[in-house]
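Notes follow once the structure below has been shown.
The values are calculated or read from the model by the stated rules, or taken from the named source; none is laboratory data. From a predicted model like this one, the values you see are computed outputs, not experimental measurements. Here the Cβ positions follow ideal geometry from the backbone for every residue, glycine too, while neighbour counts run over all protein chains shown. Just so you know, the surface numbers come from the protein's heavy atoms only, side chains and all, with ligands and any DNA or RNA stripped out. Shrake-Rupley method; radii C 1.70, N 1.55, O 1.52, S 1.80 Å.
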Amino acid sequence: MTDEQLLTRAQSMQEEAQRVLRELNLLAIIGMISEPDVVGSAKSGLMISPDIDIHAWMEEPSLEKVASLLPTLAAIPTIQKVQFNNYRELRRDDRKDRINFPHAYYIGLRTVQPSGEWKIDMWFGKHSEVGDYDDSELNAITTEQRLAVLRLKELWKDEKGYRDGVLSVDFYKAVMRHAVRDAKSFIDYLAKK
């Protein structure tokens, strides 16, 4: 895929993510109990797959309030799947695939749109417990850095996300803080982190 194609796809996907959120009225729904913030690639325009991440800040996280959203979300016509996980009280940090999960309540959605199936991950919790990456540094991302992130994401993607347990924030930190620009440098970065 050319650089121009990567940039065009990322912009198109970001626009579609915003459309999906508006159609579902999702930020208003979860805004009834939290302060929602679209984060990650849907916010920064670094998308390579139909995946939206939302941090839903709560002063006092409440299982009852989060669970009360489930029937409303399940009733949205284009929602195919609603999943709830309690990573706040019921931790499984012994599982390597869960070690980086926030101490939060999780709701995952699958919505079928004309553009295909979209995955939406929502994490409900306190600021200090949901995510450790301040994505405000992505506000100053250069075109060179944007392309580096998109190229690396494209190289590492697999059917479940990214191979080798890599998270999106790994790409952002490597490129923005350590001047990583290619696969070899990224492999070296991962070995040292």
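Across the stretch 18-34, coupling constants 3J(HN,Hα) worked out from phi with the 6.51/-1.76/1.60 Karplus curve, θ = phi - 60°, read 5, 5, 4, 4, 5, 4, 6, 6, 5, 5, 5, 5, 6, x, 5, 10, 8 Hz, and Gly and Pro carry x. What the Cβ-Cβ distance of Glu117 and Lys192 gives, at R0 = 35 Å and to the nearest 0.05, is a FRET efficiency of 0.45.
When DSSP assigns beta bridges and you keep just the ones with both residues in the chain, what percent turn out antiparallel, to the nearest 5?
Values: 23 of 30 bridges.
The antiparallel proportion sits near 75 percent.
Need one word for the stretch 2-47: rounded, prolate or oblate. Basis is the Cα gyration tensor (sqrt eigenvalues a ≥ b ≥ c); a/c below 1.5 gives rounded, then a/b vs b/c decides. It comes out oblate by the Cα gyration axes. Computed 3J(HN,Hα) for the stretch 6-16, one whole-Hz value per residue from the Karplus formula 6.51 cos²θ - 1.76 cosθ + 1.60 where θ = phi - 60°, is 4, 5, 5, 4, 4, 5, 4, 5, 5, 4, 5, glycine and proline marked x. Counting only Cα atoms, the stretch 1-79 measures 48, 29, 15 Å along its principal axes, largest extent leading. Across all Cα atoms of the chain, the radius of gyration (one decimal) and Dmax (whole number) stand at 16.9, 48 Å.
Across the chain, C-alpha contacts under 8 Å between residues 6 or more apart give a mean separation that, scaled by the residue count, equals a relative contact order of 19 percent. Ordered by solvent-accessible area of protein heavy atoms (1.4 Å probe), largest first, the residues Ser41, Ser68 come out as Ser68, Ser41. In percent, rounded to a whole number, the relative contact order of the stretch 1-81 is 29, using alpha-carbon pairs under 8 Å and six or more apart. If you bin all the Cα-Cα distances of the stretch 111-190 at 10 Å, starting from zero, the percentages per bin are 15, 41, 35, 9.
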